[in-house]
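The structure appears below as structure tokens.
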Amino acid sequence: MKRLAILLLIVGCSFLLQTEAGAVTPVASQKVLTAASKNVVDIGLSYRGDQIHFFGANPVPGSDLIIKLTAEKEEVIKFSVKGKVGPFWMTVKQYEVSGSPFMYKIHSSKPITQIIADATAQELELGYPAVRHKMKMHLVRGEEAPEDSDLIFKGLIKIKEESNLYNIVEDPKRLEITEGKLFKHYFRFPPAATEGIYLVESFCFDKGEFVGYGKDKIEIKKVGLAHWLTETSQNHSVLYGIMAVVIAVGIGLLVGMVFGKGGHH
């Protein structure tokens with residue numbers, strides 16, 4: 001009971017601090033009260049990723065939960081398709097892919113298809129089919145083929161999952177629910193998670209009906225030397241270039257001195 005009281009206190013404090021959601025916030029009849037172990041992640045030169053724990057109170061005890069983590073920013077990715085030209089394998093076409101989130105993770109209390117209908121999942125952008133629906137492909141070179149869409153989407157998912165930027169875990173062991181109401185889980189932010197704003201959205205469904213919604217924001221930002229180097233490279237490119245040349249020359253002279261000394265007996 002003491003543990004439950006602590007979780008309720010954390011969630012209650014978070015509710016008092018949360019602001020009104022924007023116009024794009026999904027509409028539900030009740031609010032899912034949530035809190036995070038931290039809302040800011042600092043990236044320094046030694047950054048190796050982070051793990052953030054989330055807590056919440058389900059407004060409809062016993063209902064199903066789906067938690068989604070996405071990055072606010074989207075990105076444009078170039079994909080090359082290789083084919084055989086004569087005896088050689090080489091790039092035969094290239095696509096620019098846009099519309100897919102930089103990061104996309106889901107935790108659910110059971111398989112998404114057992115919680116909501118496909119149309120609801122598409123509307124709320126829950127699951128890989130929704131990611132694919134938003135994905136836009138632009139042919140840069142070569143000739144388009146009907147199977148390219150499947151090929152590119154599978155390639156996108158593979159690359160993202162290998163970097164731990166995408167995954168879907170439909171397992172109650174990962175999304176722990178106590179007494180049908182209080183829940184907790186964690187998301188891993190890998191080293192590949194760059195600076196920006198990330199959204200953690202909690203969706204509550206009762207017999208397929210969307211009944212509760214909550215949202216947390218996580219900011220990843222560079223600090224210290226990492227921030228200064230990025231700021232300098234973007235806003236003072238000439239200074240950054242001079243520094244790079246000076247450092248390269250310095251390292252070259254140092255290496256020359258070391259090997260020069262080692263070459264005499």
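At a probe radius of 1.4 Å, what is the per-residue accessible area of Ile168, in Å² to the nearest 10?
50
Convex hull over the Cα atoms of the stretch 106-213, averaged projected area in nm²?
Mean projected area of the Cα convex hull: 8.9 nm².
Leaving out ligands, DNA and RNA, and with a 1.4 Å probe, what % of the accessible surface on the stretch 108-198 is carbon or sulfur?
The nonpolar share, carbon plus sulfur, comes to 50 percent.
Cross-link list Lys73/Lys181; Lys134/Lys184; Lys134/Lys215; Lys38/Lys136: which exceed 25 angstrom alpha carbon to alpha carbon?
Correct reply: Lys73/Lys181; Lys134/Lys184; Lys38/Lys136.
Count the net charge of all other residues whose Cβ sits under 14 Å from the Cβ of Met90, scoring Lys and Arg as +1 and Asp and Glu as -1.
Computed value for this residue: +4.
Rounded to a whole number, what % of the accessible area of the stretch 40-99 do carbon and sulfur atoms account for, probe 1.4 Å?
Whole-percent figure for carbon plus sulfur exposure: 53.
Take each of the peptides 204-212, 159-167, 75-83, 63-71, average the number of other beta-carbon atoms within 10 Å over its residues, and list them starting from the highest.
Final packing ranking: 63-71, 204-212, 159-167, 75-83.
Which whole-Hz ³J(HN,Hα) couplings does the stretch 38-50 yield from phi under the Karplus relation 6.51 cos²θ - 1.76 cosθ + 1.60, θ = phi - 60°, glycine and proline marked x?
Taking θ as phi minus 60°, the curve returns 7, 10, 10, 10, 8, 9, x, 5, 9, 4, 10, x, 8 Hz for the stretch 38-50.
When Rg is the radius of gyration of the Cα atoms in the stretch 60-125 and Rh is its Kirkwood radius, what does Rg/Rh come to?
In the stretch 60-125, Rg relative to Rh is 1.23.
The values are calculated or read from the model by the stated rules, or taken from the named source; none is laboratory data. Treat the numbers as computed from the prediction; the structure is a model and nothing was measured. All Cβ positions, glycine included, derive from the backbone under ideal geometry; neighbour counts span all protein chains shown. Remember, those area values only see protein heavy atoms, side chains included, never the ligands or the DNA or RNA. Shrake-Rupley method; radii C 1.70, N 1.55, O 1.52, S 1.80 Å.
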